[in-house]
Amino acid sequence: MKFADRGFATRAIHAGQEADPATGATIVPIYQTSTYTQEAPGQHKGYEYSRSGNPTRAALEECVAALEGAEYGLAFASGLAATTAVMSLLSPGDHVVAGDDLYGGSYRLFDKVLKRGNKLDFTYVDTSDPAAVEKALRPETKLLWVETPTNPMLTLSDIRELSGMAHERGAVVAVDNTFASPYFQRPLSLGADVVVHSTTKYMGGHSDVVGGAVATSHEGMHEAIKFYQNAAGAVPGAFDAWIVLRGLKTLAVRMRQHEENALAVAEFLQGHPQVATVNYPGLPAHPQHELAKRQMTGFSGMVSFTLEGGAEAAYAAVQKTEVFSFAESLGGVESLITHPATMTHAAIPREEREERGVTDGLLRLSVGIEDKEDLVADLDRAISS
Ligand SMILES: *Cc1c(COP(=O)(O)O)cnc(C)c1O
């Protein structure tokens, strides 16, 4: 793979993106076509039908692989389509150990679709506790599904330790790397077998597309997931693939700024008298700060916190911010503030939710790349009055 040995930013801009062989176009064109004219039976240029393969999507797939340090990449219509594709590796009766603090949509897919339809068996545990994972692994466990850091508590799981443990028991390890992005965390280099992304978030980076991706270096796994991709058909269109590819070009600079701004926001919140707790892996006070430093090359742009005034103060704050938009999702250049209890985590029963720290007073920030002074001032105004 060309550019595989270059730096991250170089790979993001060039991997899979050589000048168009047909026209010399410097930027990968949007191949908005469903079909490809063939020269003779069995003679074509590598493309026959766009569900099976499309040059714009192929460029994105190669770039994603290069960024994760993987041999292979595959692009999907959404993060959940990518997740479904990985789960297609399993057979009825297979057991899966998954984090108990997953992205809500992943939990819904596992619990409401794959458990019934595919007859998969799930055990949910706190994957930040290796002993709990060890206890949950069974002889029929085929997959360990890890999300780190988690949403919205920013809890980390030790990918290297969990991978060693799962491999010893014959299970493969999948990591949802959406929150860190490959710029800050490369799970395959820590022992994981397959990485999943919602490219809707940091990889796309501009809140203007829904997409997903899978990366792995296991040829057999890649072939099986690619077969499923074509067979089930949840592929991104050429334009959506192009938008993600364009977003990836600036991933490195965006992530550096997301982190710088998030650290400034987290430090400001930590020092504010109205703030009760702050969750950000980049703060030395975070209980897993050492693991974060070891396993990630940076701390990304997500912060959550609670106010001394509890839920009432939180409700008031989200109505007062001007730079932070009160909206779901994350990872775009613009800052967002979310109330997980009524938005992203509303489907989880209150008791279960609160057990994990997702109280009515918790607010989550996707810290964007605006001027950090404006972000801090916006929050200060919203929580001080
Ligand atoms: C958003 C998200 C997903 C789902 O991705 P979609 O693109 O919305 O399908 C999966 N995992 C995490 C961590 C996410 O934030």
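What to note about this one:
- Prolate/oblate/rounded label for the range 8-248 (Cα gyration tensor, a/c 1.5): prolate
- Across the range 252-384, Cα pairs under 8 Å and at least six residues apart give a relative contact order of 30 percent.
- With the charge dipole of the chain set up from +1 on Lys and Arg Cβ and -1 on Asp and Glu Cβ about the Cα centre, the Cα lying farthest toward the positive end among the listed residues Val86, Thr359, Ala9 is that of Val86.
- Shape category assigned to the range 21-128 from the gyration tensor of Cα positions, a/c cut at 1.5: prolate
- If you sort the three axes of the alpha carbon gyration tensor as a ≥ b ≥ c, you get a/c of 1.5 or more for the range 189-231 and a/b no higher than b/c, which makes it oblate.
- Listed residue pairs exceeding 27 Å between alpha carbons, taken from Lys115/Lys226; Lys201/Lys320; Lys112/Lys320; Lys112/Lys226; Lys45/Lys142; Lys112/Lys293: Lys112/Lys320; Lys45/Lys142; Lys112/Lys293
- Maximal additional length on extending the Lys119-Gln319 stretch stands at 67.6 nm, based on 0.36 nm per residue less the C-alpha distance.
- List His95, His206, ordered by accessible area with a 1.4 Å probe, largest first: His206, His95
- Nearest-10 value in Å² for the accessible area of Glu161, using the 1.4 Å probe: 90
- Relative contact order [Cα under 8 Å, 6+ residues apart], the chain, whole percent: 16
- Accessible surface of Phe184 - all protein chains present, 1.4 Å probe, nearest 10 Å²: 10
- Per residue, the chain exposes 42 Å² of accessible surface when a 1.4 Å probe is rolled over the protein heavy atoms with every protein chain present.
- Relative contact order [Cα under 8 Å, 6+ residues apart], the range 156-272, whole percent: 20
- Unit charges at the beta carbon, dipole of the range 234-306: most positive-side option, Ile243, Pro281, Met296: Ile243
- List Val278, Val86, ordered by accessible area with a 1.4 Å probe, largest first: Val278, Val86
- Net length gained if the chain between Glu334 and Glu168 were fully extended (0.36 nm per residue, minus Cα distance): 55.5 nm
- When Met87, Met221 are compared by accessible surface with a 1.4 Å probe, the order from highest to lowest is Met221, Met87.
- Computed [θ] at 222 nm, deg cm²/dmol, the chain (DSSP H ≥ 4; -39,500 (n - 2.57); rounded to nearest 500): -10500 deg cm²/dmol
- Theoretical gain in end-to-end length, Arg381 to Arg350 [0.36 nm per residue, Cα-Cα removed]: 8.2 nm
- Carbon/sulfur fraction of accessible area - the chain, other protein chains in place, 1.4 Å, %: 52
- Here the chain is treated with +1 on each Lys and Arg Cβ and -1 on each Asp and Glu Cβ, and its dipole about the Cα centre works out to around 780 debye.
- Heavy-atom accessible surface of Thr123, to the nearest 10 Å², is about 40 Å², with a 1.4 Å probe and all protein chains retained.
- Förster radius 41 Å - calculated FRET efficiency between His44 and Thr297, Cβ distance, rounded to 0.05: 0.45
- Residue of Gly205, Gly298, Gly73 that the Gaussian network model of the chain assigns the largest fluctuation, springs spanning Cα pairs under 10 Å: Gly298
The values are calculated or read from the model by the stated rules, or taken from the named source; none is laboratory data. Since we're looking at a predicted model, the values are computed, not measured. Don't worry about glycine lacking a Cβ; one is built from the backbone with ideal geometry, like all the others, and counts go over all protein chains shown. These area figures cover heavy atoms from the full protein model, side chains too; ligands, DNA and RNA do not enter into them. Shrake-Rupley method; radii C 1.70, N 1.55, O 1.52, S 1.80 Å.
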